[in-house]
Amino acid sequence: MGYETRLYVVEKYNSMTMEIEGEKYSYCEKIAMFDLCKLGTVNTSSEEFAQRKVHVYLYSGDDIVTEDSYGYLLREYTVEEMIEKLSKIENYRRIAPCIGMLKGFLEEKAKGNYRDNLKVLAYGY
């Protein structure tokens, strides 16, 4: 992840779709966004980067977001996967608060306040 990195916590609805440029995109309701700013770099040609790309859309104000500023589709993770991924990053002041937020979502999910459609979308790299 690198410049202008944001994480969106969303509820993904595969039953609510929109066709964009001939592709079917699933709707994601944005619940929270965490700005990680400049976090580092990722090999955008890596297998994991390619496998995580999803055709989803969400609204940011009046804009429909389907890709990041670099033209890459958003990447999807479970909350648990993102916590594990972020836990490996050292010495960056934004990581601990972000992990705390994500753990809060896991606690609410355990109480039944969120379903299995709770996802984290990575914007930027």
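A short reminder: the numbers here are calculations on the coordinates, not readings from a lab. Since we're looking at a predicted model, the values are computed, not measured. Cβ coordinates were reconstructed from backbone atoms using ideal geometry, including for glycine residues, and neighbour counts include every protein chain displayed.
Summary table below
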{"quantity": "Contact order normalised by residue count of the range 5-123, Cα under 8 Å, 6+ apart, percent", "calculated": "32"}
{"quantity": "Exceeding the 22 Å Cα-Cα cut-off - candidates 24/85; 38/85; 85/111; 30/103; 88/119; 88/111", "calculated": "24/85; 85/111; 88/111"}
{"quantity": "Exposure proxy order (Cβ contacts within 10 Å, fewest to most) of 35, 116, 62, 68", "calculated": "62, 116, 35, 68"}
{"quantity": "Cα-based equivalent ellipsoid of the chain: semi-axis lengths in Å, sorted from largest, via gyration tensor", "calculated": "22, 19, 13"}
{"quantity": "Residue exposure sequence - 10, 79 - by fewest surrounding Cβ within 10 Å", "calculated": "79, 10"}
